[in-house]
Amino acid sequence: MGNIGLLFEGFGHILTFQHVLLMMVGVTLGILVGVLPGLGAPNGVSLLLPLTFSMEPISGIILLSCMYWGALFGGSTTSILFNIPGEPSSVATTFDGYPMAKAGQASRALTLAFVSAGIGALAGVVMITLVSGWVANFALRFSSPEYFAVYFLAFASFISMGSSAPFKTLVSMMLGFALASVGMDTISGNLRLTFDIPELIKGISFLIAVMGLFGIGELLLTTEEGLRFEGIKARVRISEVGRTVLELPRYWFTVVRSIFIGILMGITPAGPTAASFMSYGLASRSARDKSNFGKGDPRGIVAPETADHSAGTSALLPMLALGVPGSATAAVMMGGLMIWGLTPGPMLFVERPDFVWGLIASMYLGNIVAVILVIATVPLYASILRVPFTIIGPVIVAVIFSGAYQVSNSLTDVWLVVLFGLLGYIFKKLDYPLAPLVLAMVLGDKAEDAFRQSMLLSSGKLSIFWSNGLVSTLMAIGCLLLLAPALMWVMGVSRKRLTRPDLRQDPNENPL
Amino acid sequence: MSSDGARGISRFAMEILVATATAALGVAVCYGATEAGAGWTEMGPDAGYFPFYIGLLIVFGSVMNILLAVTRQRKLGGVFIDGRRIKSVASFLLPLVAYAAVSSFLGLYVGTALYIAFAMHFQGRYKWWIAVPSGLAVAAFFFLVFEMGFKVPLLKGPVEAWFGIY
């Protein structure tokens, strides 16, 4: 198998003292942003990105991806010890993790979470190792219309699979595209959407948007709720870790099913959050003895954690092989690749195999480092959360402001972060999803280029998107996904009309 | 659902307000796109061609959101934010804005020290002899990490110049 050989070469590239040290730094910082309220994986990666501009791309991506793994672990820690999910994707872990910890089994809950998360992540990496070369080879056949179709498919699936109202997803996504097109047009070199404001000529960085939307926005939400941390004292005992690891094989079926869900959700833009909820739901519904779910059932920890992490790692596959990120964090990392002068997508496998396989190899090692580090340092992070929010909050603001300034040494960006923060706060409260906005900001230029190049090829006829089997199939799936919410709505209305002719409300948008 | 008259913004009002604002943004995008040229040139689609349709889609989505909010007004009932929460959010937001403003004059290091000290003293009710050194310590830590460690300097102002740090 060629992939295995390439993987070993990748290990050869990354097995240096410096890289292992970077992994540890990345994981440590990641756990920190995962634990702290208001700082999550997308934002932590954005804050760290400017600091990697001067690094080798491979060192940079090791630092960033390890921060991502660390953040995923950190999110689970607070879910279990404080009943506060550090990341949206670890909400499902609170359902059984916190009750188990509260019942005096904190070490067991944490170990179950970390080890099953590690297994999930490794499964995701194995999948990437086996499949990525093949996907990239397939994608080499793509030209601009196919690329546009892939982007279209990704965005259509956001609209149909998003948990909130489809029109809110549409507005959020299109705002992202509009923000991405501010500044210089990459093809003609003309300025656009700058409204004669000189500060807008250089465009608006997606990093600024992420820091504001996810960082400041989240902090505002936290202050509004007046968060009080009521943590459980945790010390992880080695003997208990060992006993819990031996307990895990009993849940092998839950693990396998969760891995499957995670990989599926991770490759599609549904992402880790959907994966963990779905996996938890399936585990609790299919269990023979349901009585313990919600009260500290081990399967209720294993299922969401495994799915969360396998989705988190799998999200890197479409980013690397197609140039379409599967999650907000993957989108930020992809932006990083472009800043370092690398073009994510199939050509990357041809031009920089050392980078691609180095990254994949680092994912194996990074996740193992993360499991060990997180088990060893849990008490330390638990104590950080006991520091009052009136200190932590302002310090996080200061870190975000400094990070925003460093993106392009400009104070305008600091003000933009404040604006994006307000926007994020309001959008979050009104159930506008934020991930599509970030994704559209990162992909905006590429999607537009693909669209315009296709238009050039066909001299302005949209029929080019239906010109061959491959592109037609992609477009057809995309259109179906777009129409799905509308079809459900029509079906719902007609069914209601039959029973109650006076009622006209759409049932597919309940979560308000 | 209705007894929330005690100073606050209703969820319905906020839905309408935000959707109107996004619609206005959409119109602005369309306008900006036509200014840049939303048509077709001999080099293919003009700079504003793609953004123009993006703007139209924003307007379309916003209008749909307004319609949905109006038709489901009863279901949406409830408050977006009440008076007490407005206060606690404002007490976090206003110092943050002041932080950005002060930093434009005095630089980010001095701004950071002032902001942390202020927030700890007034929001956290720490004594000033704890708050002020903490603020200075955070600023000094930033200086060490960014300036020395990663060599990505932050904005400096007159105070640093006075001490001879560039």
For segment A:45-60, Karplus couplings with θ = phi - 60° (6.51, -1.76, 1.60), whole Hz, Gly/Pro x: 5, 4, 5, 7, 4, x, 6, 9, 4, 8, 8, 4, x, 5, 5, x
Extension reserve of the A:LYS202-A:ARG141 stretch, reckoned as 0.36 nm per residue once the Cα distance is removed: 18.6 nm
Accessible carbon and sulfur surface of the protein assembly as shown relative to its total accessible area, %, 1.4 Å: 69 percent
Theoretical FRET efficiency, 1/(1+(r/R0)^6), r = Cβ-Cβ of A:VAL245 and A:LEU457, R0 45 Å, to 0.05: 0.20
Estimated distance in nm for a label pair at A:ARG237 and B:VAL70, the labels positioned 7 Å out from Cα along Cα-to-Cβ: 6.6 nm
Given A:LYS168/A:LYS202; A:LYS295/A:LYS428; B:LYS127/B:LYS156; A:LYS429/B:LYS75; A:LYS202/A:LYS429, the pairs whose alpha carbons are separated by over 19 Å: A:LYS168/A:LYS202; A:LYS295/A:LYS428; B:LYS127/B:LYS156; A:LYS202/A:LYS429
Neighbouring partner chain Cβ atoms per residue of A:95-101, average, 10 Å criterion: 0
Mean-position separation - Cα centroids, segment A:380-440 and segment B:81-125, in angstrom: 14 Å
Packing-based ranking, highest mean first, of A:431-442, B:153-164, B:21-32 given that Cβ atoms within 10 Å are counted: A:431-442, B:21-32, B:153-164
Ranked packing of A:394-404, B:62-72, most packed first, by mean Cβ within 10 Å: A:394-404, B:62-72
Relative contact order [Cα under 8 Å, 6+ residues apart], segment B:58-166, whole percent: 22 percent
Ordering of A:302-313, A:61-72 by packing [mean C-beta count within 10 Å, highest first]: A:302-313, A:61-72
For A:421-434, mean number of other protein chain Cβ atoms within 10 Å: 3
Average Cα contact separation per residue, chain A, under 8 Å, 6 or more apart, as relative contact order %: 28 percent
Rough spin-label spacing in nm, given labels placed 7 Å along Cα→Cβ, for B:ALA101 and B:THR34: 3.7 nm
Two-site label geometry, B:THR41 and A:LEU470: point separation in nm, points 7 Å out along Cα→Cβ: 3.1 nm
For A:447-454, mean number of other protein chain Cβ atoms within 10 Å: 3
In order through segment A:244-258: 3J(HN,Hα) via Karplus (6.51 cos²θ - 1.76 cosθ + 1.60), integer Hz, x for Gly, Pro: 5, 4, 5, 6, 4, x, 4, 9, 4, 5, 4, 4, 4, 5, 5
Shielded by partner chains, segment B:116-147 residues - at least 30 Å² of accessible area, 1.4 Å probe, vs chain alone: B:ILE116, B:MET120, B:TYR126, B:PHE142, B:PHE146
FRET efficiency, 1/(1 + (r/R0)^6) with R0 45 Å, evaluated for A:MET338 and B:PHE122 via beta carbons: 0.60
Accessible solvent surface per residue of the protein assembly as shown, calculated while the other protein chains remain in place, 1.4 angstrom probe, Å²: 41 Å²
³J(HN,Hα) computed for each position of segment A:326-341 - Karplus, 6.51 cos²θ - 1.76 cosθ + 1.60, integer Hz, glycine/proline x: x, 8, 4, 5, 4, 5, 5, 5, 5, x, x, 4, 5, 5, 6, x
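The values are calculated or read from the model by the stated rules, or taken from the named source; none is laboratory data. These numbers come from a predicted model, not from an experiment. Neighbour counts run over all protein chains shown; Cβ positions are idealised from the backbone, glycine included. For the accessible areas, the whole protein counts, side chains as well, though only heavy atoms, and no ligand, DNA or RNA atoms are used. Shrake-Rupley method; radii C 1.70, N 1.55, O 1.52, S 1.80 Å.
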